Each structure stands twice: as structure tokens, then as C-alpha cells.
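> Structure below; questions to follow.
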Amino acid sequence: MRLFEFVEDNPLRIKLVAVASQLKSSVSNNERMSTDEFLRKLSDNDIDLDKSDLFDIVKKEPLSNIIADANDNEITFKGQETDELPTDQDDNTKTLKSMASKALKK
């Protein structure tokens, strides 16, 4: 969601999206941000939320487009949840090699 789409929206919501986007861009793909740190950075920008409010807001747009998951320990931004793919990819590679070796034996 782009900022121009918030034409008649709540200014606090606009600020929340802007800060969350900025925090997402400041975190590398391998790094996770703790939930407490995320809430502290929001508070530093005059956005006061508690964990229960955060968990409710993350499920709705526009934050659902920025944050993939939020739990008591950490925030996972969109794009970071793909860290598990290499493991699955390794399993697929092993399966393909096994199938190829069986096909060569025939």
C-alpha cells in the first residue's frame, strides 16, 4: 500500500505504516527484530501500542503487507519468512538426485 492511498485515513495509521516500513528496510533478511524492540521503536515515534494491539493490527491491512508474523519474541517482516526454503530445496535436490540415479540404472 502506498502513502497516497491513505487520502482520508487516520494520520496515526499513516505514521504506523511509515515507521514499520522504515524498520523493515533497516533489518537484514537474516536478522529478526524482537517484539519488544519493535514496540519500543514505535513508541520512540509517538505510536504507543501494547503486544495485544500489535497482534490484532498485524492481521489487518496495511500492516499485513509489511509484517508476515508477530509473536511474543520476534517480528518477521515480509520477505524474511523464506529463510526456510533452502532446507526444503536441499530435500528436493536429494530426491531429484535419487530419482535420476534410479533412472540411469534402468
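> Restricting the search to the stretch 67-84, which residues are charged (D, E, K, R), assigned to a strand (DSSP E or B) and without any contact (Cβ under 8 Å) to a residue 24 or more places away in the chain? Walk me through it before giving the result.
Filtering the stretch 67-84 for residues charged (D, E, K, R) gives 69, 72, 74, 78, 81, 83-84.
Remaining after also requiring assigned to a strand (DSSP E or B): 69, 74.
Passing the criteria: only Asp69.
> Which one is farthest from the chain's Cα centre (by Cα) among residues in the stretch 49-66 that are touching a residue at least 60 places away in the same chain (Cβ under 8 Å) and loosely packed, with under 15 Cβ neighbours inside 10 Å? Walk me through how you get there before you give the answer.
First pass over the stretch 49-66, keeping only residues touching a residue at least 60 places away in the same chain (Cβ under 8 Å): 61-62, 65.
Narrowing further to those that are loosely packed, with under 15 Cβ neighbours inside 10 Å: 61, 65.
Numbers: Glu61: 13, Asn65: 8 Å.
Residue satisfying both the conditions and the ranking: Glu61.
> Follow-up question, since we're still on this one. So, Ile14, is that one crowded, with 16+ Cβ neighbours inside 10 Å and either out of contact with any Gly (no Cβ under 7 Å at 6 or more places or on another chain) or hydrophobic (A, V, I, L, M, F, W, C) (or both) or not?
Judged against the criteria, Ile14 is not a match.
> Still on this structure, please answer the following. So which residues in the stretch 40-58 are of a type in the set (Asp, Glu) and assigned to a loop (DSSP other than H, G, I, E, B), if there are any at all?
Asp46, Asp48, Asp50 - these are the residues of the stretch 40-58 that are of a type in the set (Asp, Glu) and assigned to a loop (DSSP other than H, G, I, E, B).
> So, in the stretch 67-90, how many residues would count as being modelled with pLDDT under 90, exposed (fewer than 10 other Cβ atoms within 10 Å of the Cβ) and among the acidic types (Asp, Glu)?
Number satisfying all stated conditions: 2.
> A follow-up question, please. If a residue must be in contact (Cβ under 8 Å) with a residue 40 or more places away in the chain and surrounded by 14 or more Cβ atoms within 10 Å (Cβ to Cβ), how many such residues does the stretch 27-48 contain?
Number of matching residues: 4.
> Follow-up question, since we're still on this one. Among the residues of the stretch 21-39, which ones are within 16 Å of Asn71 (Cβ to Cβ) and in a helix (DSSP H, G or I)?
Thr35, Asp36, Glu37, Phe38, Leu39
> Return the residue satisfying two criteria in turn: it lies in the stretch 3-20 and is outside any helix (DSSP H, G or I) and of a type in the set (Asp, Glu), and of such residues it is modelled with the highest pLDDT.
So the residue we want is Asp9.
The values are calculated or read from the model by the stated rules, or taken from the named source; none is laboratory data. Quantities reported herein were computed from a predicted structural model and do not represent experimental measurements. Using ideal geometry, Cβ is built from the backbone for each residue, glycine included, and neighbour counts are taken over all protein chains shown.
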